Amino acid sequence: MDIEADAVPGDAELYLVGLPELSVWPARARIRAAILNSGTPWPDTTITVSVSPMIPPVYDAAADLALAVALLSAAGVIPPERVTGRVFLGELALDGGIRPVRGVLPMVAAAVRAGISRVVVPAECAREAAQVPGAVVMPVTRLADVVDQLRHGILRDHHDQEPESAPSSSFAGDLADVPGNQAARHALEVCAAGGHHLFLSGDGPATMLAERLPGILPPLTDEAARQVAEIYSLAGQSDRAPGVTPPLSAPHHSETPAAILGSVAANRPGAVSLAHRGVLHLADAPEFTRPVLDGLCQPLDSGQVHLAGLGRTVRYPARFTLVVDARPCPCLERRECACTPEVRRRYRARLALLLPRVAVRAPIEQSNRGTRAGEPSAAVAARVLAARVRAAHRLADTPWRTNAEVPASDLRTRFPAAPEAAELLRSAVNTGLVTADGLARLLRVAWTLADLRGVDRPQFDDAVGALELWKGADSDGAR
Ligand SMILES: [Zn+2]
């Protein structure tokens, strides 16, 4: 967004041009009050501030500070040459304070890419802005200080010398804490190794398992961690950015579709994007609303969420490993459940669109009596990493990094399974157990099992294992 300001002799009046109509009045009121409350007399001229492109779909209050600075510069209060070559970000409070804004990280990154490295940001956002290599960050708290320092040419560059504390993992739980549930633990490991989605069926420690999945995934690359940090910044949750640990996003089923999928109107990514490069966990998945469950298919298929509204489309990245769990029925009466088979079937049928996209299923159960402590996360993570390295080596000349990403056509031509493995899986299609789409998912899981065993391509046993994970030993599962 570019801002131009022009002052002509006349009444003391401010015109804002190029802003969405609904936002002009509040923006004008904030800017006017902030300037007056900063001790700067209101300029005795008619000032027109125009924003291009004309009429951005949504006015972002982060532009308040830039508008005020442009206005004061046009009015001769601030020398224009001290304004050029700087980016100003911040929302103005009526008292002249400067409030923190969302999305500082990607905005500063874009400014630096465009060759403008000096950025003036709200003090609360200085650390976030300083993460961008090459950015020279000037933190400010009050409009009066910005005006004063620009007038006297002493707007100091701030070098964040504070040592960057290593971002702590958002959850430190270990798989050793999860009692029993051998089948689910195996399924979790396979999903981590191949990037497959997971369905946990029954009444058991689904949340414990999902929370421990990021801990057995390989750490994010620098590039991925930067992308994740930008998404958290856009969502106004920079303080929760997970660093190099893959993120875990676990929205509650009562949250709105906008909170989960993202919002054009608020210009804000949702929980599915906060899971990018990490894990999205939907606990009690059938309880989520229809728009959410339907809306999830797009990111599952494309790795992105497309949001349309206000005459535009925004895309946010959303490539995650999905973990969904469902109890057998909608009631919470473990002992005295009176739900009919029809009620149970209808409950599970809410996931009819989602479940065909999920390749790995496992039963879960409450199991706390007399179970031995499970294997610790570190041991599982080591096997996952070894399998991922094998896959990455094989996929080195392709755009894909995990088995779950390999298209069906390439599974047929470039990466065929051993003949007896392929034969077994094809027979599952012929008997109607899986669809043609499902066959590709089975082959991908078979590849992951082969990678975990350290063999060159899926053998008969890997095909058997993939089929078992597909069926998930769940008697009333819908697929
Ligand atoms: Zn019931």
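The values are calculated or read from the model by the stated rules, or taken from the named source; none is laboratory data. Given the structure is predicted, the values throughout are model-derived calculations rather than measurements. We place every Cβ from the backbone using ideal geometry, glycine too, and count neighbours over all the protein chains shown. Note: accessible area is taken over every heavy atom of the protein model, side chains too, but ligands, DNA and RNA are not part of it. Shrake-Rupley method; radii C 1.70, N 1.55, O 1.52, S 1.80 Å.
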**Request:** For region 404-418, name all the residues that are open to solvent by 90 Å² or more (accessible area, probe 1.4 Å) and assigned to a helix (DSSP H, G or I).
**Result:** R412, T413
**Message:** Taking the condition of being out of contact with any strand residue (DSSP E or B) (no Cβ under 8 Å at 6 or more places or on another chain) and part of a helix (DSSP H, G or I), how many residues in region 34-50 meet it?
**Reply:** 2
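Matching residues to (1) in a strand (DSSP E or B); (2) charged (D, E, K, R):
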position	(1), (2)
V324	yes, no
C329	no, no
R345	no, yes
G374	no, no
**Message:** Looking only at region 335-348, filter to residues that are closer than 19 Å to G472 by Cα and open to solvent by less than 50 Å² (accessible area, probe 1.4 Å); which one of those is nearest to the ligand (Cβ to nearest atom)?
**Reply:** Y347
**Request:** Working carefully through the options T46, T84, T40, find the one that is open to solvent by 10 Å² or more (accessible area, probe 1.4 Å), touching a Phe, Trp or Tyr at 6+ places or on another chain (Cβ under 9 Å) and not hydrophobic (A, V, I, L, M, F, W, C).
**Result:** T46
**Prompt:** Out of curiosity, is A381 open to solvent by less than 40 Å² (accessible area, probe 1.4 Å) and either over 25 Å from the mean Cα position of the chain (by Cα) or closer than 27 Å to D301 by Cβ (or both)?
**Reply:** no
**Asked** Can you tell which of G215, G180 is out of contact with any Cys (no Cβ under 7 Å at 6 or more places or on another chain), farther than 30 Å from M107 by Cβ and open to solvent by 40 Å² or more (accessible area, probe 1.4 Å)?
**Response** G215
**Message:** I'd like the full set of residues that are over 22 Å from L282 (Cβ atoms), of a type in the set (A, V, I, L, M) and out of contact with any helix residue (DSSP H, G or I) (no Cβ under 8 Å at 6 or more places or on another chain), limited to region 215-250.
**Reply:** A224, A225
**Prompt:** Do we find that D6 is modelled with pLDDT of 80 or more, out of contact with any Cys (no Cβ under 7 Å at 6 or more places or on another chain) and open to solvent by 60 Å² or more (accessible area, probe 1.4 Å) in this structure?
**Reply:** yes
**Request:** Please state which one of A473, A466, A478, A436 is within 17 Å of V190 (Cα to Cα) and modelled with pLDDT under 95.
**Result:** A473
**Selected residue (criterion: surrounded by the most Cβ atoms within 10 Å (Cβ to Cβ)) from residues of region 427-460 that are of a type in the set (D, E, K, R) and touching a residue at least 12 places away in the same chain (Cβ under 8 Å)** = D451
**Item:** Evaluation of L332 against (1) over 30 Å from E405 (Cβ atoms); (2) away from the ligand (no atom under 16 Å from the Cβ) (one fails), failing number
**Value:** (2)
**Asked** If a residue has to be open to solvent by less than 40 Å² (accessible area, probe 1.4 Å) and over 25 Å from A187 (Cβ atoms) to count, how many in region 301-323 make the cut?
**Response** 6
**Asked** Quick one: P399 ticks every box in (1) in contact (Cβ under 8 Å) with a residue 40 or more places away in the chain; (2) more than 16 Å from the ligand (Cβ to nearest atom); (3) open to solvent by 40 Å² or more (accessible area, probe 1.4 Å) bar one, so which box is it?
**Response** (1)
**Prompt:** Which number in (1) free of Cβ contacts under 8 Å to residues at least 12 places away in the same chain; (2) more than 13 Å from the chain's Cα centre (by Cα) marks the one condition that R315 misses?
**Reply:** (2)
**Fill in**
The correct count of residues that are aliphatic (A, V, I, L, M) and within 21 Å of L200 (Cα to Cα) in region 272-319 is 11
**Request:** With the condition kept exactly as written, say whether any residue in region 349-361 is farther than 22 Å from L439 by Cα and either within 16 Å of the ligand (Cβ to nearest atom) or modelled with pLDDT of 95 or more (or both).
**Result:** yes
**Request:** Show the residue pairs that are 6+ apart or on different chains and have beta-carbon atoms under 6 Å apart, the first residue being within region 320-348 and free of Cβ contacts under 8 Å to residues at least 60 places away in the same chain and within 21 Å of G204 (Cβ to Cβ), the second being more than 7 Å from the ligand (Cβ to nearest atom) and of a type in the set (S, T, Y).
**Result:** C329/Y347; P330/Y347
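Matching residues to (1) in contact (Cβ under 8 Å) with a residue 24 or more places away in the chain; (2) over 29 Å from G243 (Cβ atoms); (3) of a type in the set (S, T, N, Q):
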{"position": "G262", "(1), (2), (3)": "yes, no, no"}
{"position": "G270", "(1), (2), (3)": "yes, no, no"}
{"position": "H276", "(1), (2), (3)": "yes, no, no"}
{"position": "T289", "(1), (2), (3)": "yes, yes, yes"}
{"position": "V292", "(1), (2), (3)": "yes, no, no"}
{"position": "L300", "(1), (2), (3)": "yes, no, no"}
{"position": "G309", "(1), (2), (3)": "yes, yes, no"}
**Request:** From (1) more than 13 Å from the chain's Cα centre (by Cα); (2) open to solvent by 10 Å² or more (accessible area, probe 1.4 Å), pick out the condition that doesn't hold for A192.
**Result:** (2)
**Message:** Quick check on my filter: what residues within region 314-329 are within 15 Å of the ligand (Cβ to nearest atom) and under 30 Å from R268 (Cα atoms)?
**Reply:** A326
